[in-house]
Every structure is written in structure tokens, then in C-alpha cells.
1. Order of 169, 33, 48 from fewest to most other C-beta atoms within 10 Å?
2. Using a Gaussian network model on the chain with a 10 Å cutoff between Cα atoms, which of 150, 57, 12 fluctuates the most?
3. Run the quick spin-label model on residue 153 and residue 133: label points 7 Å from Cα toward the beta carbon, then report their separation in nm to one decimal.
4. I need 64, 73 ordered by Cβ neighbour count within 10 Å, fewest first.
5. Between the helical axis of 22-42 and the dominant principal axis of the chain, each derived from Cα atoms, what acute angle in degrees is found, rounded to the nearest 10?
6. What is the gain in length, in nm to one decimal, between residue 41 and residue 171 on full extension, counting 0.36 nm per residue of separation less the C-alpha to C-alpha distance?
7. Once every DSSP H run of n ≥ 4 in the chain is given -39500 (n - 2.57) and the sum is divided by its residues, what mean residue ellipticity at 222 nm do you get, rounded to the nearest 500 deg cm²/dmol?
8. Which whole-number percentage describes the relative contact order of the stretch 2-103, with Cα contacts under 8 Å and a sequence gap of 6 or more?
């Protein structure tokens, strides 16, 4: 909380959560985020807040409350204009139901499969207004996926190789 407080330009010392019940902690966190937003507006700043390892470690429940309260506060456009929230290692499959799905971008780190490549090809071809046979996409996707796999080495991870291959394909549209 102190680091966020300082980066926002808020005056004085950051509030310190005590041993209050969860509802009081949530209220403190809501007030904290309001103060942060106000400081960001005053100083014409924007802030990215990244919470990592929310699924492990001591004191994670308190940190989760702070993050979840901000997630709910982001329904307000004045918060959206100043703050971006990134949650890594969030232990549940989704944020609390109070958060509008349009405000949430789930990005799960996983291997890129041929089906991901196929979906990308379909999207690009459709967006470009190209006439194409959807039945040809699985083979083309597999070819591009395999080409990227062949470019992997100690300095080039698969995601970078796939980006290179797909960028070249996209330029040829």
C-alpha cells in the first residue's frame, strides 16, 4: 500500500490495515483507492497496479481484498481513466461476480496450439474480407505452427517464432 500511495503522489502516509473484520478492511481499501484516484487526477498521472502471486504466501488474503476492491471500483469510469489493474496468480477462475465481464481480460499463459493459429488465420482473413475455404485452415495453421516450432532455439522461444511466422503470413494477405 505504501508503494502505491507514493507512486500516486498522495500526500502523507498510506493507511495501514489493522485487525478489523473483513467488511472494515474492504471499506478501508475502498477509501484507499478513492484517495489514490484523487491523487492521480491532481497530479495528472496514470498508474498500473500489478499484484503477483495472489495464490500463495502469507498475508495473501489482505492483498486479495485490496486487489478485489480495486477491481470492483474499476466499474467507475473515473477509475478506469487513471488506473489499470493486473492480477497474476489469481486463485479463482474469475473475479467476483460484481466485476463487469467487459472490464476483465483473462490471459492465461499456455502453449499456442494449432487451433489458436487456425482461429487467428480465420479472424485475419475474415477481417480482410478475403474469400477463403474454411476447410483449408487446419492444414495451413498446422504448417505455420510447425514452421514456428522449427525456428525455436536457445535465443528464440516458441511465442517469438510464432509471432515472426504469423507476421510474415499476415504481410502476405
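Throughout, read-outs are computed from the coordinates displayed, never taken from laboratory work. It should be emphasised that the depicted structure is a prediction, and the values quoted were computed from it without experimental measurement. Glycine gets a Cβ as well: all are built from the backbone with ideal geometry, and neighbour counts include every protein chain shown.
1. Working: 169 17, 33 24, 48 9.
Going from sparsest to densest Cβ surroundings: 48, 169, 33.
2. Taking springs between Cα atoms under 10 Å, the residue moving most is 150.
3. For the pair residue 153/residue 133, the computed spacing is 3.7 nm.
4. On the way: 64 17, 73 21.
Fewest to most other Cβ atoms nearby, the residues stand as 64, 73.
5. 80 degrees
6. On the way: separation 130, 0.36 × 130 = 46.80 nm, distance 4.11 nm.
Using 0.36 nm per residue and subtracting the Cα-Cα distance, I get 42.7 nm.
7. Details: 7 runs with 88 residues, N = 173.
About -16000 deg cm²/dmol.
8. Working: 109 pairs, mean separation 30.0, N = 102.
Rounded, it is 29 percent for the stretch 2-103.
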